[in-house]
Protein chains: 2
Amino acid sequence: MSLESAFGNLSGYAPLKRVTLKSLAKSLGLTESTVSRALNGYSDINENTVERVRKAALELGYKPNQNARRLATGIAEAVAFVIPQNHSSLAEPFVAQLLQGLDESLARRGWDLLVSHSLSAEDESNTIHRLITSGRVSGVVLSRPFRHDARIDLLQAAKFPFVVHGRSASCDSYAWYDIDNELAFDTAVKHLVDLGHRRIGFIGAPLYFNFAHQRLQGYRSGLKSAGIGYDESLVQIAELTDDAGERAAADLLNTPKPPTAFLCVSDTQAFGVLAAVRARGLVAGSDVSVIGYDGLKTGRHTNPPLTTMSQPLTQSGRELGDMLLAIIDGDDPANHQILKRAKLLVRNSDGPVWTHHQ
Amino acid sequence: MSLESAFGNLSGYAPLKRVTLKSLAKSLGLTESTVSRALNGYSDINENTVERVRKAALELGYKPNQNARRLATGIAEAVAFVIPQNHSSLAEPFVAQLLQGLDESLARRGWDLLVSHSLSAEDESNTIHRLITSGRVSGVVLSRPFRHDARIDLLQAAKFPFVVHGRSASCDSYAWYDIDNELAFDTAVKHLVDLGHRRIGFIGAPLYFNFAHQRLQGYRSGLKSAGIGYDESLVQIAELTDDAGERAAADLLNTPKPPTAFLCVSDTQAFGVLAAVRARGLVAGSDVSVIGYDGLKTGRHTNPPLTTMSQPLTQSGRELGDMLLAIIDGDDPANHQILKRAKLLVRNSDGPVWTHHQ
DNA sequence: GTTGCTTCCGAAAGCGGTTTCGGGATACGA
DNA sequence: TCGTATCCCGAAACCGCTTTCGGAAGCAAC
């Protein structure tokens, strides 16, 4: 669309007459190049001139056309967040908060944040590919990496700047921001063990997600250091939904020797587990314990309020943005690897193990 | 598509050997202009040539540089969603689902979706202004309009394509997609009245939000048609958070003649109301009724599960995207005004009024 | 063998910026 | 007075693609 059609050159009010570099230059009696350099902080422009140009630009409301600028400089001044297509996760608050933090970081520099969302799993590589060849963005942020992630391989092969929220199995040479999932689940197990639990159910997620793998490892390591054997019949792999969590918990509850505690890889699943527990006539927090992961706000309002492990999402978005920016500026990605700890947020769904003799 | 074909030459790492229109043309023995027109479906190119060009483009992995294309055509092939800055609402699932739908609609056309997030309230007009003058986007979608919304005025004055999720007080001449808020709350009141309630508390939002205004109107009209007088002492205006909802409900509960039911303009508030009710030792669904609005999934897991009114968010995002695209293509915005109905989603937080004589 | 159409493609002028390069002023030392 | 170094600014190429315009072929018709 042309600017004429966009702003309507016709009828009476002529809104928003676009002020371009050329018009600005002319009105100043200078050249485009001079004005451009003045605005971009080149040192070979007289201080007075710079001031004069700045003032005029402000008054006339000059905004450089981003497309032109990007074409000329070759830098897109935008990064893409590719939405994990699995399970329509954009709907998860998880993603929303991350976006918020990202945007904050980018906005400080005036960059754009665009979200990209692919339809199928293998389509995702295409999406990435299109992103990096189209010149639309100068960086990409990934989330929920797989254990072996083709998108990461693609990005690395192309030497395209990117950061990932989480990490894949081999993560030495790229930038990531992750929670120490193994530690988190290790300590969660420890917490439950301290409450007296020995039969701890685990509601996991498909293991091609690396975080699922890590958390399972943490679960096992926690068990191990407590001297408890790993019992495969206590672990369920479920989708990241409440319904799946509910089904998985129900299955575990129907077993002859059901667990006295449930550890879930996501709050959403844990919500379902809570439901299963209630359906069974049990009360979470006394009869059984359930612990989630994510620290969702709404966990405050479940029945009972969900004990969970929280990760600072908005802040992680900000940090991811800062990292990506630094890498685009030339930093070595390997120098940008951040490992944070999750915090155990005790609400009311956990408690000492229930025994017959009480 | 393989890495090989994507990035051209082989051996070692050859990062991003970009195939440009020029290189493509040269390898075909044609001119840039010919190739460009062939790819863009111009009719003055021989059918065979078109085929040949298409094939080569695919093989060599040619992707047009979006910035160049945008500069040349003047159309940005991107639209912006401006995040309501109030209350950091991006974190709300609300926004996330809308984004999802929007992205789906735009992706069908290969357009970008970028999110823009301003820091302060008055900064928002600046954000809009920057958006429409920078040439980055060819359309804008707004949400949560104010009753009198400067952003809308700005957009209209600039004749810039936009759609809004919701509508302001005067909404004849632009495109919007809205739920019939008045109707929704009218029927919600009716529902409560049918359950025997006469003292219905209303937890509203600041009235500069038009939806807040509409819903209050609906509340009043429902009361009126039930022959119940409007009692100002039963309405509270609160922020759109759980804490605010909780405080508001607590205030109402502390009154000498507390309401027997609560109608909230958002689920998040209703979560808080539920907490206040519990804190008071009452049980929602029998002692008092509480009804939310939004249809959040997590409402299934509150204590008790929240009765609410749901609006189809993902779908509305899609429709908003389609509308915006149509308008950018030249449609008259006034022909794109969609009014949907909310559905009452009865879960367990409502019930017949409690009486002493039962 | 002109004339007159089509059909198909090349030439070239942008789109609105950025950036390198060179040179005219001015200042300064000799 | 004549370099010559320093400061500023203009000229021009370029980023990669789109689009208008004109014209070379090819073919039909007269």
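Numbers for the structure displayed
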quantity	calculated
Every residue from the stretch B:21-30 that is more than 9 Å from DNA strand D (Cβ to nearest atom), surrounded by 18 or more Cβ atoms within 10 Å (Cβ to Cβ) and assigned to a helix (DSSP H, G or I)	B:Leu28
Number of positions in the stretch A:237-254 that are open to solvent by 40 Å² or more (accessible area, probe 1.4 Å) and among the hydrophobic types (A, V, I, L, M, F, W, C)	1
Those residues of the stretch A:32-50 which are under 18 Å from A:Lys22 (Cα atoms) and near DNA strand D (Cβ under 8 Å from one of its atoms), in sequence order	A:Glu32, A:Ser33, A:Thr34, A:Val35, A:Ser36, A:Arg37, A:Ala38, A:Ile45, A:Thr49, A:Val50
Any chance A:Ala80 is modelled with pLDDT of 90 or more and aliphatic (A, V, I, L, M)	yes
Test: residue in the stretch A:256-263 that is over 18 Å from the mean Cα position of the chain (by Cα) and within 12 Å of chain B (Cβ to nearest Cβ)	no
Of residues in the stretch A:31-74 being open to solvent by 70 Å² or more (accessible area, probe 1.4 Å) and touching a residue at least 24 places away in the same chain (Cβ under 8 Å), the one farthest from the other protein chains (Cβ to nearest Cβ)	A:Arg52
Tally of residues being surrounded by fewer than 18 Cβ atoms within 10 Å (Cβ to Cβ) and closer than 30 Å to A:Thr298 by Cα across the stretch B:315-343	5
Residue within the stretch A:96-104 that is open to solvent by 40 Å² or more (accessible area, probe 1.4 Å) and farther than 23 Å from A:Ala342 by Cβ present	no
In the stretch B:40-86, residue nearest to DNA strand C (Cβ to nearest atom) [restricted to those that are aliphatic (A, V, I, L, M) and touching a Phe, Trp or Tyr at 6+ places or on another chain (Cβ under 8 Å)]	B:Ala56
Checklist (1) open to solvent by less than 10 Å² (accessible area, probe 1.4 Å); (2) at pLDDT 95 or above applied to B:Gly299, failing item	(2)
Selection status of A:Gly292, assigned by TED's automatic domain parsing to the domain that holds A:Asp194, in contact (Cβ under 8 Å) with a residue 12 or more places away in the chain and closer than 22 Å to A:Gly101 by Cα	no
Strands (runs of 3 or more DSSP E) wholly inside the stretch A:175-283 that include at least 2 residues being more than 30 Å from A:Pro161 (Cβ to Cβ) and at pLDDT 95 or above	A:200-204, A:235-237, A:261-264
Complete set of residues in the stretch A:106-160 that are under 17 Å from B:Glu77 (Cβ atoms) and part of a loop (DSSP other than H, G, I, E, B)	A:Gly135, A:Arg136, A:Val137
Residue in the stretch B:291-306 that is touching a Gly at 6+ places or on another chain (Cβ under 6 Å) and hydroxyl-bearing (Ser, Thr, Tyr) present	no
Residues satisfying the stated conditions in the stretch A:284-326, i.e. touching a strand residue (DSSP E or B) at 6+ places or on another chain (Cβ under 6 Å) and facing chain B (nearest Cβ under 9 Å)	A:Gly299, A:His301, A:Pro304
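The values are calculated or read from the model by the stated rules, or taken from the named source; none is laboratory data. Quick caveat, the model's predicted, so the values are computed rather than measured. Positions of Cβ are backbone-derived with ideal geometry, glycine not excepted, and every protein chain shown enters the neighbour counts. Accessible surface is based on the protein model in full, side chains and every heavy atom, while ligands, DNA and RNA are left aside. Shrake-Rupley method; radii C 1.70, N 1.55, O 1.52, S 1.80 Å.
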